[in-house]
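Novice: Please find one structure pasted underneath; my questions will follow.
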Amino acid sequence: MPPNITLKHLASQLGLSVTTVSRALGGFEDVSVATRERVQAFANEVGYQPNQSARRLKTGRTSSVGYIMNGAQGDFRDQFNTRLLVALGQALHDAAPEHDLIVTTVPEDRDELDTYKRFIDGGKVDSFVVARTRIQDPRVDFLLESGFPFVTHGRTGRADEHAWVDTNATDGFVRATRYLIDSGHRDILFLNFFSDLYTAVEREKGYHDAMQAAKLTPMSRHCQHGYASAYQAACEALSSATPPTAFVCASDIFAYAVMEAATESGRVPGKDLAIIGADNLPAQMYRQPSLSTLEVSFESVSQALIELVLAPAGGTPRHRCFDYELLLRDTTG
């Protein structure tokens, strides 16, 4: 923007006071609709951009949404985080182009609440999107007690008290497990996240409900986020005296680890072993069999998150829940 295009410059060119131009651009109703439209049209024509530092001093708002990643639950190398952040950024730009998504990571040996407090005390953001929610979530407790705006991607034990967007994981994992049972599998191992995550409980419930309805014995293993823990669990299971013939995985990352373990044991995924993952993430390597998975639209989820986080404060917390789609590919034959 050329340095002379300021509020004062706009006002002089339009024959209005600086106060009128400022309030017109701010959408204040004490300025007529015709004047607001005239001012906005001229500002667009000359390429005026508001001074965000001045705006923040005046309004106390930053036009920023915060997203803080805990290193213990994945960072920028985590494909789930990457897909969600890309979709969130696009949804925020579409809904409010003047807003920014402010993203940072917290090492797993640090208290992430300190970062939330620093962002709030420093006036860095107006609200937060909180992901990978836990049943008892200190972040949610802190934000509710502080009265700071936020929306969660996933539910918590206090879900009635805050806005959230989630996926119907119980139904999705019932359908995935039932498909394997209907295909003739009886020894089906479930690789899940640790059960402090709300979604882990929902996913396991779906798996258990399907297994118990078929009068089969559920078998679950809980794995740390990432590839290594799931790979080790799969190797141990496949080398046991009674190895599973199918795996249901809480994440595609876990499922790709199972594929590697299966291949190393001489099994062909989709032929000797059935595998279903979740989230439809990109393949780990080229020339792998295509992975059967549960998919939900990251774009739709992100649009809902942004809609709720930008909504005016007050009133009953709003919620959105999306269904998974079961995508059947090579790894289920």
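The values are calculated or read from the model by the stated rules, or taken from the named source; none is laboratory data. Quantities reported herein were computed from a predicted structural model and do not represent experimental measurements. With ideal geometry, Cβ positions are generated from the backbone for all residues, glycine too; neighbour counts draw on all protein chains shown. Only protein heavy atoms, including side chains, enter the accessible area calculation; ligands, DNA and RNA are left aside. Shrake-Rupley method; radii C 1.70, N 1.55, O 1.52, S 1.80 Å.
Novice: Out of (1) of a type outside the set (A, V, I, L, M, F, W, C); (2) outside any loop (DSSP other than H, G, I, E, B); (3) out of contact with any strand residue (DSSP E or B) (no Cβ under 6 Å at 6 or more places or on another chain); (4) modelled with pLDDT of 85 or more, the odd one out for Gly66 is which?
Specialist: Just one mismatch for Gly66, condition (3).
Novice: Output the number of residues of region 207-240 satisfying the condition of being in a strand (DSSP E or B) and more than 17 Å from Gly74 (Cα to Cα).
Specialist: 3
Novice: Would you pick out the residues in region 163-186 that are among the β-branched types (Val, Ile, Thr) and either in a loop (DSSP other than H, G, I, E, B) or farther than 20 Å from Ala230 by Cα (or both)?
Specialist: The answer is Val165, Thr167, Thr170, Val174, Ile181.
Novice: Give me the pairs, please: first residue somewhere in region 260-274 and over 14 Å from Ala233 (Cα atoms), second residue anywhere and open to solvent by 60 Å² or more (accessible area, probe 1.4 Å) and of a type in the set (D, E, K, R), beta-carbon distance under 6 Å, and either six or more positions apart or on two chains.
Specialist: Short answer, once both residue conditions are applied: Gly270/Asp330.
Novice: Tally time: how many residues in region 257-276 are more than 14 Å from Gly333 (Cα to Cα) and open to solvent by less than 10 Å² (accessible area, probe 1.4 Å)?
Specialist: 4
Novice: On the basis of being more than 24 Å from Ile181 (Cβ to Cβ), open to solvent by less than 40 Å² (accessible area, probe 1.4 Å) and at pLDDT 95 or above, does Phe298 make the cut?
Specialist: yes
Novice: Run Leu189 past the list (1) assigned to a helix (DSSP H, G or I); (2) modelled with pLDDT of 95 or more and report the number of the one that doesn't hold.
Specialist: (1)
Novice: For region 85-135, name all the residues that are open to solvent by 30 Å² or more (accessible area, probe 1.4 Å), outside any helix (DSSP H, G or I), of a type in the set (Asp, Glu) and farther than 18 Å from Asn70 by Cβ.
Specialist: Matches in region 85-135: Glu98, Asp100.
Novice: Turning to a different aspect of this structure: Being within 17 Å of Ala250 (Cα to Cα) and open to solvent by 10 Å² or more (accessible area, probe 1.4 Å) is the filter here, so list the residues in region 136-186 that pass it.
Specialist: His153, Arg155, Asp166, Thr167, Asn168, Thr170, Asp171, Val174, Arg175, Arg178, Tyr179 - these are the residues of region 136-186 that are within 17 Å of Ala250 (Cα to Cα) and open to solvent by 10 Å² or more (accessible area, probe 1.4 Å).
Novice: Quick one: Leu326 ticks every box in (1) in contact with a Lys or Arg (Cβ under 6 Å, 6 or more places away or on another chain); (2) part of a helix (DSSP H, G or I); (3) surrounded by fewer than 20 Cβ atoms within 10 Å (Cβ to Cβ) bar one, so which box is it?
Specialist: All conditions are met except number (2).
Novice: So which residues in region 229-241 are of a type in the set (Gly, Ala, Ser) and surrounded by 12 or more Cβ atoms within 10 Å (Cβ to Cβ), if there are any at all?
Specialist: Selection gives Ser229, Ala230, Ala233, Ala234, Ala237.
Novice: Related question: Can you tell me which residue among Ala72, Ala43, Ala11, Ala34 is at pLDDT below 80, among the aliphatic types (A, V, I, L, M) and either surrounded by fewer than 18 Cβ atoms within 10 Å (Cβ to Cβ) or not in a strand (DSSP E or B) (or both)?
Specialist: Among Ala72, Ala43, Ala11, Ala34, only Ala72 is at pLDDT below 80, among the aliphatic types (A, V, I, L, M) and either surrounded by fewer than 18 Cβ atoms within 10 Å (Cβ to Cβ) or not in a strand (DSSP E or B) (or both).
Novice: Another question, if that's okay. Could you grab the pairs with beta carbons closer than 8 Å, sequence gap of 6+ or different chains, first residue in region 200-216 and farther than 25 Å from Gly154 by Cβ, second one open to solvent by 60 Å² or more (accessible area, probe 1.4 Å)?
Specialist: Once the first residue is farther than 25 Å from Gly154 by Cβ and sits in region 200-216, its partners that are open to solvent by 60 Å² or more (accessible area, probe 1.4 Å) give Ala213/Arg178; Ala214/Arg178; Leu216/Arg186.
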